[in-house]
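The values are calculated or read from the model by the stated rules, or taken from the named source; none is laboratory data. Keep in mind that this is a model prediction, so the values were computed, not measured. Note that each Cβ is placed from the backbone with ideal geometry, even for glycine, and that neighbours are counted across all protein chains shown. Heads up: the accessible areas ignore ligands, DNA and RNA and are worked out on the full protein's heavy atoms, side chains in. Shrake-Rupley method; radii C 1.70, N 1.55, O 1.52, S 1.80 Å.
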Amino acid sequence: DEFAQICIPMPKSWNEGTITVQFIWTATTTGNVVWGCQGVALSDDDVIDAAFGTAQTVTDGVTAANDLMESAFTSAITIAGTPAAEDLVVLQFYRDADNGSDTLAADAKLIGVRIKYTVNAGDDT
């Protein structure tokens, strides 16, 4: 299993609720990949080494080698910690290569992620 993390300063308009993630990727051969994501929210003066929330995964297959693949969106991901307006959200993405549904016998190359979240305001003022 391999992991990557990003930190996103969330906008004030984020409702501090769940998110969903879509994985954009490619591979040089066919097979299925199990992608996962989990997150934690950090406020001012929080401990940085905080535990991530429960991961959600999605399985996606290569339809043609070296093509761009876009997975379905994950189920709702609950962000750990106590999310607050303008928190820094740390997201951890990974390939669950040990999962029996992951059948790709090659590297899966993560190109990007699309993140959906809900807002409770029309702007961040």
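Solvent-accessible area of the stretch 1-112 (1.4 angstrom probe, protein heavy atoms only): carbon and sulfur portion equals 47 percent.
Mean sequence separation of contacting Cα pairs (under 8 Å, at least six apart), scaled by the length of the stretch 1-91, corresponds to a relative contact order of 46 percent. Note on the chain: with charges restricted to the Cβ of Lys and Arg (+1) and Asp and Glu (-1), its dipole about the Cα centre is near 400 debye. Excluding ligands, DNA and RNA, the accessible surface per residue across the chain is 53 Å² with a 1.4 Å probe.
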